[in-house]
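Single-structure report; data block below.
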Amino acid sequence: MHQTALDYLYRDAANFKAHATVRLSGTLTPAEIAEVFARCDSGTYFVPEQLRLPALQPALHAFSQGATAADHALHELVAIRPATAADRRAKLVCSTTLLLARLRAVNFWNPLASAATADL
């Protein structure tokens, strides 16, 4: 079974970063990968909760004892690539077909959709 890896990161306003890779069952064509990036704000930024992907702010909250004024909702899409054996530990979140459907349903990236920044 073919799988796809989606690499993304969260960078807060103080430039602290958290990285993640999730796995998707199935593959994407080059045109579909281009569409995913094109649908992101400025070709990069998205709110993962709107795609039902894990938010990465909590990884930084472990170091800051919770949310800070530097937090925001936007994450950066880094890469979409074929999954490798090393990606087997990454969480399998959905199929490529379902991710595309969720992405196509997004009209705008809503920072209020992020539960990780709700305390701010």
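Computed values, structure above
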| quantity | calculated |
| --- | --- |
| Selection count where residues are over 13 Å from L51 (Cβ atoms) and surrounded by 13 or more Cβ atoms within 10 Å (Cβ to Cβ), scope segment 87-96 | 3 |
| Among residues of segment 53-87, those that are part of a loop (DSSP other than H, G, I, E, B), within 15 Å of A13 (Cα to Cα) and among the polar types (S, T, N, Q), counted | 1 |
| Residue, nearest to the chain's Cα centre (by Cα), within segment 1-45, restricted to residues that are closer than 17 Å to A101 by Cα and assigned to a loop (DSSP other than H, G, I, E, B) | C40 |
| In segment 12-36, the residues that are under 30 Å from G66 (Cα atoms) and not acidic (D, E) | A13, A14, N15, F16, K17, A18, H19, A20, T21, V22, R23, L24 |
| Top-ranked residue in segment 21-34 [being touching a residue at least 60 places away in the same chain (Cβ under 8 Å) and of a type in the set (G, A, S); ranked as surrounded by the most Cβ atoms within 10 Å (Cβ to Cβ)] | S25 |
| Top-ranked residue of segment 35-79 - restricted to ones that are exposed (fewer than 15 other Cβ atoms within 10 Å of the Cβ) and either touching a Cys at 6+ places or on another chain (Cβ under 9 Å) or among the β-branched types (V, I, T) (or both), ranked as nearest to T21 (Cα to Cα) | V78 |
| Subset of segment 21-48 (residues that are farther than 27 Å from H72 by Cβ, hydrophobic (A, V, I, L, M, F, W, C) and in contact with a strand residue (DSSP E or B) (Cβ under 7 Å, 6 or more places away or on another chain)) | L28 |
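Since every read-out is calculated from the coordinates, none of them should be taken as a lab result. Note that the structure is a prediction, hence the values are computed from the model and not measured. Please note: Cβ atoms are built from the backbone with ideal geometry, for glycine as well, and neighbour counts cover all protein chains shown.
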